[in-house]
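J.: Sharing a structure below in structure tokens format, with a few things to ask.
The values are calculated or read from the model by the stated rules, or taken from the named source; none is laboratory data. Treat the numbers as computed from the prediction; the structure is a model and nothing was measured. Positions of Cβ are generated from backbone atoms using ideal geometry, with glycine treated the same way; all protein chains shown enter the neighbour counts.
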Amino acid sequence: MGDIIFHVLLLVVLGVFFKESLLIDMERTTDPIGPAGFPQGIMIITIVLTVISLFQTIRKRKAEPAADTPHKPNELTKEFIGLLASIILFVLLVDTLGFIVAFILFTFGLLLLLGERKYGKMAGISVAVSFGFALLFGNLLSVPLPRGVEILKLLSYYLY
Amino acid sequence: MDFNLLLDGLLTTLSPGNLVLVFLGMLLGVLFGSLPGISSSMAIVLMLPFTYYMGVIPSIILLVAIYAGAAYGGSITAILFNTPGTPEAVATTFDGYPMTKQGKAGRALGLAISASAFGGIFSVFVMLFLSPPLSEVALKIQSAEYFALALLGITVISAVGTKNVTKAVISGMLGITIAMIGIDPISAAERFTFDHIELMNGIEFIPIMIGAFALGEVLNQITERSEAQNFSTSEKIKLEGYKLKDILKYKWVALKASAIGTAIGILPGTGGSIASIVSYGEALRSSKNKEKFGHGAEEGVVAPESANNAAAGGAMIPTLVLGIPGSPTTAVILAALTLQGLQPGPQLMSEQPLLLYCIFFSMLIASIVTFIGGRIGVKSFSLLLNLPYSTLAMFIIGLSIIGSYAVSNSMFNVWVMLAFGVIGYYMKKYHFSPASLVLGLVLGKLMEETFRRQLLITNGDYMSFITKPISATILLLAVLAIFYPLLAKYFSRKKEKSDQSISQ
């Protein structure tokens with residue numbers, strides 16, 4: 001069933017993109033097909049192929065009703081959802097907390113989520129990896145990592 | 001060729017100070033190349049300020065050695081973590097990572113080192129002896145041929161070696177559609193930006209690549225391991241021994257890929273990512289064991305790694321001889337030459353012949369010492385493989401987040417990486433092809449620009465793509481590649497029938 005839903009979602013996304021392509025400004029067009037021609041051509045081919053693939057999937061599903069076996073890995077686990085949620089939280093908090101603090105919390109949370117229970121070791125790894133990444137990327141490679149606000153911002157200047 | 005100058009060039013490069021710079025540059029290149037989000041062009045830009053106070057020759061030697069090292073470095077994380085360090089290493093993940101999963105990480109990395117060195121050395125010799133004539137040929141390759149080449153790159157990989165050709169082609173087309181986001185390069189019209197300022201410059205393909213490959217793979221491992229609640233042990237990945245002579249088994253694959261890599265590298269505006277994709281496709285097409293590709297075929301590591309290093313050398317040819325950069329990285333090197341007060345272009349060869357020979361030799365030495373630098377890089381990264389999977393996953397995700405952020409110092413790219421991590425996971429689950437998606441992304445812009453430019457030049461003559469002999473030949477190969485699975489099925493059925501009739 002998931003395969004069919006994925007096809008339908010794909011068709012919806014392609015539909016949205018195709019609708020958007022109709023709004024492309026064609027006034028300054030100098031070449032025969034213009035800025036909308038190539039993507040529209042590609043999208044029409046993709047939509048046709050997706051419909052074909054959808055029918056093939058439905059036909060296959062009817063022929064083999066047990067195709068979606070219950071043994072397949074399930075995405076509704078705390079690890080899967082928790083991992084995605086922790087990345088979202090990290091991105092939302094990093095501008096406020098700064099890279100180091102946000103990354104320490106993120107890595108600690110991730111280790112906890114993935115079954116680690118030795119808290120001392122987890123804290124050590126989180127701190128080491130966060131400082132290591134900050135020094136490598138922020139200092140050596142001059143990547144402007146987020147610094148956070150207030151005192152966190154001031155402290156970050158000592159590191160990167 | 002002036003052999004006195006050649007000797008002077010060799011001796012200058014071998015002087016202790018310059019030799020140290022070659023080693024240093026190569027090591028830095030391997031380090032930067034292996035970090036996702038840090039491309040070879042970025043590595044060179046970061047080192048530019050250090051060259052301000054150096055002389056012309058030492059500074060260019062350093063930058064060229066970084067370039068050669070970075071062309072290899074990308075393969076380390078591509079093979080070990082399915083996270084290509086550079087776009088040039090995307091094709092290396094296709095078979096490199098499956099080899100790691102089979103416990104052959106050491107062999108894959110060893111093959112990548114040897115293939116990279118082979119490709120680099122090959123292109124330096126081509127550069128040394130054939131620079132002027134090849135540059136003239138490269139200028140004759142025009143829009144129609146570029147378009148055909150991009151199409152061939154996509155079709156070969158989408159059609160062969162995937163479980164479902166339709167889904168692979170859909171994935172490639174989706175990649176091309178995503179590549180269209182942003183400002184149209186010809187008319188400057190906004191396309192698919194949905195009024196978001198972040199989308200005006202288009203979507204960077206490195207976060208998509210990191211998401212689809214690295215995060216997608218971590219999600220995949222997590223779903224599999226969560227059933228058994230097994231996060232404490234890593235897969236049994238061992239760095240088995242590897243002998244240099246093993247590359248000889250694939251000498252023809254490496255030679256062909258190096259020739260393709262050098263040829264594509266010479267074409268202005270292309271570079272290692274396209275070279276590695278096309279040579280992977282060619283290795284797959286000509287292999288007797290096609291079914292092994294995508295599941296840990298050794299040729300699948302040798303071909304892209306030879307090609308992307310050869311392309312690095314190839315791209316230097318038009319840069320130095322004509323002043324036209326063959327890749328984004330050589331464009332940065334060209335800027336560095338200008339910073340040193342040199343005027344790149346055809347006159348450079350007559351005005352600075354020693355500099356050119358020094359560049360050739362520093363690339364040659366950097367390619368040879370890749371064996372040493374590569375092994376240092378591999379040893380340091382391989383320590384991570386002994387960690388429990390929970391720590392390894394944390395490290396990969398951390399690297400993915402910073403790698404995506406560092407591309408343009410924007411958290412928007414981390415959102416893109418996250419979204420494509422989920423999309424990549426489901427694509428893999430439902431037998432779509434994340435690899436074809438990335439190929440579409442890399443080649444999409446080139447395809448569209450060259451297609452439209454050709455129509456513009458010929459006043460809308462679509463036949464011009466098939467009336468030019470080079471482009472017609474490449475397009476024919478692309479069509480054959482698309483129909484290859486059908487033809488293969490037809491011929492195998494025919495053979496079965498004839499076998500049955502003989503047995504009866």
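J.: Can you report the number of residues in region A:53-79 which are at pLDDT 90 or above and within 11 Å of another protein chain (Cβ to nearest Cβ)?
T.: Final tally of qualifying residues: 5.
J.: Let me ask something additional. If a residue must be crowded, with 20+ Cβ neighbours inside 10 Å and within 12 Å of another protein chain (Cβ to nearest Cβ), how many such residues does region B:188-205 contain?
T.: 2
J.: Just need a number here: residues in region A:139-160 that are surrounded by fewer than 21 Cβ atoms within 10 Å (Cβ to Cβ) and either in contact with a Lys or Arg (Cβ under 8 Å, 6 or more places away or on another chain) or not aliphatic (A, V, I, L, M) (or both). Reasoning before the result, please.
T.: Our first condition is that a residue be surrounded by fewer than 21 Cβ atoms within 10 Å (Cβ to Cβ); within region A:139-160, this holds for A:139-142, A:144, A:147, A:149-159.
In the following step, the residues that additionally are either in contact with a Lys or Arg (Cβ under 8 Å, 6 or more places away or on another chain) or not aliphatic (A, V, I, L, M) (or both) were identified as A:139, A:142, A:144, A:147, A:150, A:153, A:156-158.
Residues flagged as surrounded by fewer than 21 Cβ atoms within 10 Å (Cβ to Cβ) and either in contact with a Lys or Arg (Cβ under 8 Å, 6 or more places away or on another chain) or not aliphatic (A, V, I, L, M) (or both) within region A:139-160 amount to 9.
J.: OK, next. Please indicate, with yes or no, whether at least one residue in region B:451-474 is of a type outside the set (A, V, I, L, M, F, W, C), within 14 Å of chain A (Cβ to nearest Cβ) and under 22 Å from B:Asp95 (Cα atoms).
T.: So far as region B:451-474 goes, no, none of its residues is of a type outside the set (A, V, I, L, M, F, W, C), within 14 Å of chain A (Cβ to nearest Cβ) and under 22 Å from B:Asp95 (Cα atoms).
J.: Tell me yes or no: at least one residue of region A:80-99 is in contact with a Leu (Cβ under 6 Å, 6 or more places away or on another chain), more than 10 Å from chain B (Cβ to nearest Cβ), assigned to a helix (DSSP H, G or I) and of a type outside the set (S, T, N, Q).
T.: Yes: region A:80-99 contains one or more residues that are in contact with a Leu (Cβ under 6 Å, 6 or more places away or on another chain), more than 10 Å from chain B (Cβ to nearest Cβ), assigned to a helix (DSSP H, G or I) and of a type outside the set (S, T, N, Q).
J.: For B:Ile396, are the conditions met, namely being over 30 Å from B:Leu128 (Cα atoms) and either within 23 Å of the chain's Cα centre (by Cα) or in a helix (DSSP H, G or I) (or both)?
T.: Yes: the conditions hold for B:Ile396.
J.: Moving on to the next point. For A:Ala123, which of the numbered conditions (1) modelled with pLDDT of 90 or more; (2) over 26 Å from A:Pro144 (Cα atoms) fails to hold?
T.: With (1) modelled with pLDDT of 90 or more; (2) over 26 Å from A:Pro144 (Cα atoms) applied to A:Ala123, the lone miss is (2).
J.: On to the next question. Taking into account only those residues within region A:100-120 that are facing chain B (nearest Cβ under 7 Å) and modelled with pLDDT under 90, which is nearest to the chain's Cα centre (by Cα)?
T.: A:Leu114
J.: Continuing with the same structure: With respect to the numbered conditions (1) in contact with a Ser or Thr (Cβ under 6 Å, 6 or more places away or on another chain); (2) at pLDDT below 85, which one is the sole condition not fulfilled by B:Phe432?
T.: The failed condition is (2).
J.: Within region B:217-229, restricting attention to residues that are within 12 Å of chain A (Cβ to nearest Cβ) and touching a helix residue (DSSP H, G or I) at 6+ places or on another chain (Cβ under 8 Å), which residue is surrounded by the most Cβ atoms within 10 Å (Cβ to Cβ)?
T.: The selected residue is B:Leu219.
J.: In addition: Can you find a residue in region B:418-441 that is part of a loop (DSSP other than H, G, I, E, B), over 26 Å from A:Phe6 (Cα atoms) and more than 9 Å from every other protein chain (Cβ to nearest Cβ)?
T.: Among the residues of region B:418-441, not one is part of a loop (DSSP other than H, G, I, E, B), over 26 Å from A:Phe6 (Cα atoms) and more than 9 Å from every other protein chain (Cβ to nearest Cβ), which makes the answer no.
J.: I've got another one for you. Could you give every pair whose Cβ atoms fall below 9 Å, whose first residue belongs to region A:137-149 and is under 17 Å from B:Val414 (Cα atoms), and whose second residue is assigned to a loop (DSSP other than H, G, I, E, B) and among the small types (Gly, Ala, Ser), counting only separations of at least 6 or pairs across chains?
T.: As it stands, the answer is A:Phe137/B:Gly37; A:Val143/B:Gly37, since those pairs meet every condition given.
J.: Test of understanding: among B:Ile208, B:Ile176, which residue is at the interface with chain A (Cβ under 7 Å from one of its Cβ atoms), under 25 Å from the mean Cα position of the chain (by Cα) and assigned to a helix (DSSP H, G or I)?
T.: None of the other options fit; the residue is B:Ile176.
J.: I'm trying to understand the selection: among the residues of region B:391-415, which are touching a Ser or Thr at 6+ places or on another chain (Cβ under 7 Å) and in contact (Cβ under 8 Å) with a residue 40 or more places away in the chain?
T.: B:Leu392, B:Ile396, B:Leu399, B:Ser400, B:Asn413, B:Val414
J.: For region A:92-125, enumerate the residues that are surrounded by fewer than 17 Cβ atoms within 10 Å (Cβ to Cβ) and small (Gly, Ala, Ser).
T.: A:Gly115, A:Gly120, A:Ala123, A:Gly124
J.: Something else now. Between a residue in region B:423-434 that is touching a residue at least 60 places away in the same chain (Cβ under 8 Å) and any residue that is among the acidic types (Asp, Glu) and surrounded by fewer than 24 Cβ atoms within 10 Å (Cβ to Cβ), which pairs come within a Cβ distance under 6 Å, given they are 6 or more apart or on different chains?
T.: B:Tyr430/A:Asp3
J.: Same structure again: Could you grab me the full set of residues in region B:336-390 that are in a loop (DSSP other than H, G, I, E, B) and out of contact with any Ser or Thr (no Cβ under 8 Å at 6 or more places or on another chain)?
T.: Step one: list which residues in region B:336-390 are in a loop (DSSP other than H, G, I, E, B), which gives B:340-347, B:352, B:387-388.
The answer is B:Gly341, B:Leu342, B:Gln343, B:Gly345, B:Pro346, B:Gln347, B:Gln352.
J.: Give B:Leu455, B:Leu446, B:Leu475 a once-over and let me know the one that is buried (at least 18 other Cβ atoms within 10 Å of the Cβ), assigned to a helix (DSSP H, G or I) and in contact with a Gly (Cβ under 8 Å, 6 or more places away or on another chain).
T.: From the options B:Leu455, B:Leu446, B:Leu475, the qualifying one is B:Leu446.
J.: Same structure again: Can you tell me which residue among A:Ile24, A:Ile5 is aliphatic (A, V, I, L, M) and either assigned to a loop (DSSP other than H, G, I, E, B) or at positive phi (or both)?
T.: A:Ile24
J.: Also, quick follow-up: Give the residue that is nearest to the other protein chains (Cβ to nearest Cβ), with candidates limited to residues of region B:372-395 that are of a type in the set (Gly, Ala, Ser) and crowded, with 23+ Cβ neighbours inside 10 Å.
T.: B:Ser390
J.: While we're on this one: Of all residues in region B:405-423 being touching an Asp or Glu at 6+ places or on another chain (Cβ under 8 Å) and buried (at least 18 other Cβ atoms within 10 Å of the Cβ), which is modelled with the lowest pLDDT?
T.: B:Val407
J.: Looking at (1) within 14 Å of chain A (Cβ to nearest Cβ); (2) touching a Gly at 6+ places or on another chain (Cβ under 9 Å); (3) closer than 29 Å to A:Val143 by Cα, which one does B:Gly398 not meet, given that it meets all the others?
T.: (2)
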